[in-house]
1. Cβ neighbours within 10 Å, averaged per peptide: list 120-129, 90-99, 72-81 in order, most packed at the top.
2. Once you place label points 7 Å from the Cα toward the Cβ at residue 17 and residue 54, how far apart are they in nm?
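Derivation of every value follows stated rules applied to the coordinates shown; laboratory data play no part. Please read these numbers as outputs of a predicted model, since none were measured by experiment. Positions of Cβ are backbone-derived with ideal geometry, glycine not excepted, and every protein chain shown enters the neighbour counts.
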């Protein structure tokens, strides 16, 4: 059975005229373990997602501190994986191949390949506003 949507629980941290900001705590599998304080293997990351207001997400409907669900389609998750992992891997491998065919030494090959990946991520950073229009999140109240 295919999942129709990806959903994360979050807490509203800010509401303004254009966006509702929701804080999502991303936990590893062992974050709920009672021994996580001494383990060091557990990790927990806090991310803030800004959800643009539209007719279905009006600021008046949400208050700071309210627990909500942030929803996105699985297709957007796949696109994010491609942008963050697959394309940089292809850039890295292509750069290694090009430097290798040019007869560059190992140091130059490694540094040049890392530089190519850094340029890719710089491009993603510079076009983040355009890319953010592709990834549309929605918000919904949690069922009572």
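1. Details: 120-129: 11.2, 90-99: 14.9, 72-81: 13.4.
Ranking, from highest mean packing down: 90-99, 72-81, 120-129.
2. The two pseudo-label positions are separated by 2.1 nm.
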